[in-house]
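Report on the structure given below.
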Amino acid sequence: MKKIVFITGTRADFGKLKPLIRAVEAHPEFDYAVFATGMHMLYRYGMTVEEIHKAGFSNIFTFMNQVHGEPMEMVLSSTISGLSRYMHEYEPDLIVVHGDRVEAMAGAIVGAMRNILVGHVEGGELSGTIDDLIRHSTSKLAHLHFVANAEAEVRLLQLGEQKESIHVIGSPDIDVMLSDELPTIEATKKYYEIEFDSYGILMFHPVTTERRETEKYARAVVDAVLESGREYVVIYPNNDPGSELIFKEYERLKGQKKIRMFPSLRFEYFLSLLKNADFILGNSSAGIHEAPVFGVPTINIGSRQQNRFSHCSICNVPNGVDAIVEAIGAALMKGRYESCSYFGIGKSAEKFIRELGNPSLWETPTQKVFQNVYTGEQVSQ
C-alpha cells in the first residue's frame, strides 16, 4: 500500500484537504496519516485539532510547532524539525500539502530533502503578501501539482514546472460546498448560539508586508462595523505577525449585542453561515474563493488579496471607514450574484484519487528539472 501523509496547519486548509483524505481513506490501495500542527494546536484559536478527530480520521500525529507570537521563520524551522523526525519514522510515499502557509512550505522542504514525492494542492494562485512567495516556493519544491484551474496551470508552467506534473482537479472544498453535507442554517445558528436574522461575516487578517499600518487598518474596520449598525459574525484573525494589533481593536467589539465573535468555526458550519450571509467583509481568501461560489457579495479591504481572481461579486475598497461603510450599503442593496465556477464545480476528490491511481504518477522522479518556457530545453536544477 502507498502511504500518504497530509499536512494541515489551519481549519481552512483542513477543510480543503478533508475530501481528499476521505477519498484516500476509502481506497484499498492507499494508507494515510494526518500531520496536524500550526493553529490547530493553539488554545487561543479553539484547538481545532479536535475537528480532525471529530471528522472520524485515525492515525493523526499532532505537533506543536509554535507559541503565539513567534516569527514565521522560527515556526518554519520548528515545523521542519518536527516533520523530519516524523517522516523518519513513518516513511511515506507521498506528502500532500496545501496552499501558502509555512506548514506547507515545511512539508515541501522536508519531502524535497528526503527524496519523498510532494503533492501541492492549489498552487499557481496569486495573493498580495508574503503568502505569494511561500506558495510559489512550495510549488518549486513540489513534484506534483493539483491545481484549481487552467490559469493556475499556466502560472506553474511559467515557473518552469513540467506539464505532466500538473493535474487540474478544481478546488477540493467546492466538493463540500456543493454537496448535501452542509448543516442547515437553523442548525448552525443553534450550535453557535447566533440569534441574528441577517448578518455579515467579518474576517480580517494582518498583512505581513504592511505591519506598521495594521493597527490603523484594524481601527478603520472596527469603526466601519460599528458605524454600519449591522449584525456580524466575527472570526479571529490568523496568527501571522500583527494579529495582536487586530485583537487590540477587536476589544471594542466585545459585549456588543450585534456581534458574535469566535476563535474559529467548524468548516461545514462556516460554509453554512457564509452561504446565508448578506456579505463577507475583510481580507480573507474566503471572500475571493468561497463567497463567489455562493454568490455572496464580498467587500475586500486593502492589498492582502491583491492580484487574485476578480469577480463581479467582489468589491475592492481601500482601508478607510467611509469607503467600507459605503461598500456595505452597496452590497446590501445589490443582494446575491450568480454562482461562480472559476475554482471548479466539485468532484475534485474523484479527480485526485484517479490521478493517484495512475501508476506513472508514482514513477515521477524526485530529481526535478527546469522546463525552459522559451525553448523547451530541460536543464537540471
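The values are calculated or read from the model by the stated rules, or taken from the named source; none is laboratory data. None of the values given here were measured: they were computed from a predicted structure. Virtual Cβ from ideal backbone geometry, glycine too; neighbours counted across all protein chains shown. The area values use the complete protein model at the heavy-atom level, side chains included, leaving out ligands, DNA and RNA. Shrake-Rupley method; radii C 1.70, N 1.55, O 1.52, S 1.80 Å.
For residue 248, indicate whether it is on the phi < 0 side of the Ramachandran plot, open to solvent by 80 Å² or more (accessible area, probe 1.4 Å), assigned to a helix (DSSP H, G or I) and among the charged types (D, E, K, R).
Working: on the phi < 0 side of the Ramachandran plot: yes; open to solvent by 80 Å² or more (accessible area, probe 1.4 Å): yes; assigned to a helix (DSSP H, G or I): yes; among the charged types (D, E, K, R): yes.
Answer is yes for this residue.
Taken over segment 276-323, the criterion of being free of Cβ contacts under 8 Å to residues at least 40 places away in the same chain, touching a His at 6+ places or on another chain (Cβ under 9 Å) and among the hydroxyl-bearing types (Ser, Thr, Tyr) is satisfied by 298 alone.
What are the pairs with Cβ atoms under 6 angstrom where one residue, in segment 173-189, is closer than 14 Å to residue 16 by Cα and the other, located anywhere, is outside any helix (DSSP H, G or I) and modelled with pLDDT of 95 or more? Sequence gap at least six, or different chains. That search, which allows pairs on different chains as well, returns nothing. Please tell me if residue 209 is assigned to a helix (DSSP H, G or I), polar (S, T, N, Q), open to solvent by 20 Å² or more (accessible area, probe 1.4 Å) and touching a helix residue (DSSP H, G or I) at 6+ places or on another chain (Cβ under 9 Å). Criteria met by residue 209. For segment 221-237, a residue qualifies if it is open to solvent by 10 Å² or more (accessible area, probe 1.4 Å) and either within 17 Å of residue 12 (Cβ to Cβ) or part of a helix (DSSP H, G or I) (or both), and the qualifying residues are 223, 226, 227, 228, 236.
Scanning segment 310-342 for residues that are of a type in the set (A, V, I, L, M, F, W, C), more than 21 Å from residue 175 (Cβ to Cβ) and in contact with a helix residue (DSSP H, G or I) (Cβ under 7 Å, 6 or more places away or on another chain) gives 314, 315, 317, 321, 324, 325, 328.
Can you pull out every residue in segment 136-149 that is open to solvent by 10 Å² or more (accessible area, probe 1.4 Å) and over 22 Å from residue 357 (Cα atoms)? If the condition is that a residue be open to solvent by 10 Å² or more (accessible area, probe 1.4 Å) and over 22 Å from residue 357 (Cα atoms), then 136, 137, 140, 141 are the ones that fit.
Filtering segment 183-193 for residues that are modelled with pLDDT of 95 or more, open to solvent by less than 10 Å² (accessible area, probe 1.4 Å) and within 20 Å of residue 42 (Cβ to Cβ) leaves an empty set.
Select from segment 97-109 the residues that are out of contact with any Asp or Glu (no Cβ under 6 Å at 6 or more places or on another chain) and not in a helix (DSSP H, G or I) and write down the one among them that is modelled with the lowest pLDDT. Before you say what the answer is, go through the steps one by one.
Let us first name the residues in segment 97-109 that are out of contact with any Asp or Glu (no Cβ under 6 Å at 6 or more places or on another chain), namely 97, 101-109.
Right, trim to not in a helix (DSSP H, G or I) and you get 97, 101.
Values: 97: 98, 101: 94.
For segment 97-109, the residue satisfying everything is 101.
Scanning segment 29-56 for residues that are more than 16 Å from the chain's Cα centre (by Cα), open to solvent by 20 Å² or more (accessible area, probe 1.4 Å) and under 17 Å from residue 69 (Cβ atoms) gives 41, 43, 44. Look at (1) β-branched (Val, Ile, Thr); (2) surrounded by fewer than 22 Cβ atoms within 10 Å (Cβ to Cβ); (3) within 21 Å of residue 23 (Cα to Cα); (4) within 16 Å of the chain's Cα centre (by Cα) and you find that residue 121 fails only one, number (2). Looking at the structure I just gave you, is residue 303 at pLDDT below 95, under 18 Å from residue 153 (Cα atoms) and part of a loop (DSSP other than H, G, I, E, B)? For residue 303, the condition - at pLDDT below 95, under 18 Å from residue 153 (Cα atoms) and part of a loop (DSSP other than H, G, I, E, B) - is not met.
So which of 164, 195 ends up being part of a helix (DSSP H, G or I) and acidic (Asp, Glu)?
On the way: 195 fails: part of a helix (DSSP H, G or I).
The conditions single out 164.
The residues in segment 343-361 that are touching a helix residue (DSSP H, G or I) at 6+ places or on another chain (Cβ under 7 Å), surrounded by 17 or more Cβ atoms within 10 Å (Cβ to Cβ) and within 19 Å of residue 173 (Cα to Cα) can be counted, and the count is 7. For segment 112-136, a residue qualifies if it is farther than 25 Å from residue 91 by Cβ and assigned to a helix (DSSP H, G or I), and the qualifying residues are 130, 131, 132, 133, 134, 135, 136.
Just to confirm my filter: which strands (runs of 3 or more DSSP E) fall fully inside segment 1-96 and include at least 2 residues that are farther than 24 Å from residue 238 by Cα and touching a residue at least 60 places away in the same chain (Cβ under 8 Å)?
On the way: elements: 2-8, 30-36, 60-62.
Ranges flagged: 2-8.
Filtered by the rule that a residue be among the basic types (Lys, Arg) and part of a helix (DSSP H, G or I), segment 251-289 gives 252, 275.
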